[in-house]
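Visitor: There's a structure below that I have some questions on.
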Amino acid sequence: QVQLVESGGGLVQPGGSLRLSCLASGTRFTFDRMGWGRVAAGKQRELVATITRGGSTIYADSVKGRFTISSDNAKNTVVLQMNSLKPEDTAVYYCYRDQPYSPRSWGQGTQVTVSS
């Protein structure tokens, strides 16, 4: 079973940066897509960034130009670089992975708080 472990969350001031990492284990398949979603208090989950096996990227309008997703396929890792953070980016961020023969997997989540 695929396991996803996120790291890198924390508290940052508005305008600051954070880097989230997600390590996948327990699988021998290359992913089709990996990405990040977030859940803010009182809101539904929002997919913020996705990267495909071929390297194409997709971003939510709310983070375009500020967030960058990248992957290291050999290390089964995906990274979300978040710059120019805003208070409205405060949420629990979850890594996800799509791969053959398995339903979508989600990590446990990491808290990101943007506050002065």
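The values are calculated or read from the model by the stated rules, or taken from the named source; none is laboratory data. The model shown is predicted, which means the values in this text are computed figures rather than measured ones. The area values use the complete protein model at the heavy-atom level, side chains included, leaving out ligands, DNA and RNA. Shrake-Rupley method; radii C 1.70, N 1.55, O 1.52, S 1.80 Å.
Visitor: For the chain, what is the accessible area per residue in Å², given a 1.4 Å probe and the full set of protein chains?
Guide: 54
Visitor: Run down the lysines and flag those whose C-alpha is under 16 Å from the C-alpha of Lys64, throwing out any fewer than 8 positions away in its chain.
Guide: Within the straight-line cut-off, Lys64 pairs with Lys86.
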